[in-house]
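Only one structure is covered here, and it is reproduced in the block below.
The values are calculated or read from the model by the stated rules, or taken from the named source; none is laboratory data. Small disclaimer: the values here were computed from a predicted structure and weren't measured. Here Cβ is always computed from backbone atoms with ideal geometry, including for glycine, and neighbour counts include all displayed protein chains. Only protein heavy atoms, including side chains, enter the accessible area calculation; ligands, DNA and RNA are left aside. Shrake-Rupley method; radii C 1.70, N 1.55, O 1.52, S 1.80 Å.
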Amino acid sequence: MGSTLEVGSQWDSTVALKQACAAYAIEHRFPTKIVRHNANQFDMRCKNDGCSWRLYASKYDAAKFTIKKFINEHHNCPGAHLKNSAANSHFIANVIAAKVKEKPSYAPYEILQDINRTYRVEASYWQAYRAKQKAVINFNGTPEDGYAKLPQYCEKLRETNPGSSRTSV
């Protein structure tokens, strides 16, 4: 999997590539828009009219998405943006995942402070709240997943503790 945005770097999925592009756009402080996104192509550009920044990747030649074109130049772009659409709850969830796992009490206002300090972007309280929920679900699973595993758990308890269940009263 690629780690830098450059022609020839490969990515396992558009999700991974999209996350890398979001991190890049936030770090370099410019807004992006996805022009084309399907099973075989990914095309992203700078949101500012007249700017030539562009990234195009496709999956035609390999099983992975390969960056075919990357124009890393900005023209007619205003200064740094505090609001960046790339800093959405998905991006924030990936950034805070390790800290949420380490510190379950990590509050949305703390998340906002850390995101602002680290990436110099503004996010809303609710983005931080949703990001924390997504991060927790990513490593704990959903409540539905837990309930689905309950019968297997009960069976394991019966196997490892024979004679401990009360089937009749």
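Numbers for the structure displayed
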quantity: Region 115-126: number of residues that are assigned to a helix (DSSP H, G or I) and modelled with pLDDT under 90; calculated: 5
quantity: Some residue of region 72-85 being closer than 16 Å to residue 32 by Cα and modelled with pLDDT of 80 or more; calculated: yes
quantity: Residue in region 120-135 that is open to solvent by less than 60 Å² (accessible area, probe 1.4 Å) and touching a residue at least 60 places away in the same chain (Cβ under 8 Å) present; calculated: yes
quantity: Entirely in region 1-58, the strands (runs of 3 or more DSSP E) that have 3 or more residues that are surrounded by 15 or more Cβ atoms within 10 Å (Cβ to Cβ) and out of contact with any Cys (no Cβ under 7 Å at 6 or more places or on another chain); calculated: 41-46, 54-58
quantity: Residue list for region 96-119, restricted to those being farther than 18 Å from residue 31 by Cα and open to solvent by 60 Å² or more (accessible area, probe 1.4 Å); calculated: 98, 99, 101, 102, 103, 104, 105, 109, 113, 117
quantity: Count - residues of region 53-71 that are at pLDDT 85 or above and more than 16 Å from residue 20 (Cα to Cα); calculated: 1
